[in-house]
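Shown next, in structure tokens, is the structure this report addresses.
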Amino acid sequence: MLRGKGFPPTIVVCDPRLFRNVAEVLRTLKVDFRVPESLPLRMDEGTVIADDECRSYVEGSAQIYVVNRANVWKIALLIAGRRGNTLQVGIDLGSKIAYVALLDDLLLRYGYVESSEELASEVGELVDLLSPKNTIIKVGSPERRLSQEARRIAKLMPQRNCEVYVVNEERSNKALAILRSAYPEIKGVAKDIIAALNIALRDGVKIR
């Protein structure tokens, strides 16, 4: 029998793809976890994350969260004790669009997309997964000028509880010490991603 009180959650997920997803999300949220060496598992304390297939292998009175691909983030945020109030996305425009997504103060995801439509799809996916109370989109632009691409992005973003800002992108590709300290994950990333992160953290002019 595993003793759960005061210990990290235990993952009992039979679906390999779902297991990897759960583990990745918990690591992103900086939540340690355990995996049992064998099944069935008896736990009378603590927390278990299980899928439908493995649920029947868990015995005892521990708190059990049944996870699927649609609710992974919601369950993980609950276990991590995070509210997930604000999804904030910083965008650096270029030949490819660089973006950084933050949930409150947590760096969730960063990367590149080819078009505004693909960016809107990424943001929509995050909104569906996280159900944030607010979504804030910040688009970098020289001297906060409202470019045609910024207008296009504003139109494509989710319509509910979503605000869009234009942010001055001057010197945004510099990773200052305070930024590196707050987000050690950015070490070695491209300057476009650094710019998108800085843009996400700056104030801007609301355009929607």
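Things to note:
- Residues of segment 164-188 classified as touching a strand residue (DSSP E or B) at 6+ places or on another chain (Cβ under 7 Å) and either more than 12 Å from residue 107 (Cα to Cα) or crowded, with 17+ Cβ neighbours inside 10 Å (or both), total: 7
- Within segment 150-184, tally of residues that are outside any loop (DSSP other than H, G, I, E, B) and touching a Gly at 6+ places or on another chain (Cβ under 6 Å): 3
- The one condition in (1) in contact with a Lys or Arg (Cβ under 9 Å, 6 or more places away or on another chain); (2) among the aliphatic types (A, V, I, L, M); (3) buried (at least 20 other Cβ atoms within 10 Å of the Cβ) that residue 64 fails to fulfil: (3)
Computed from the coordinates by the stated procedures, all read-outs in this text should not be read as laboratory data. Quick caveat, the model's predicted, so the values are computed rather than measured. Neighbour counts are summed over all protein chains in view; Cβ atoms, including those assigned to glycine, are modelled from backbone coordinates with ideal geometry.
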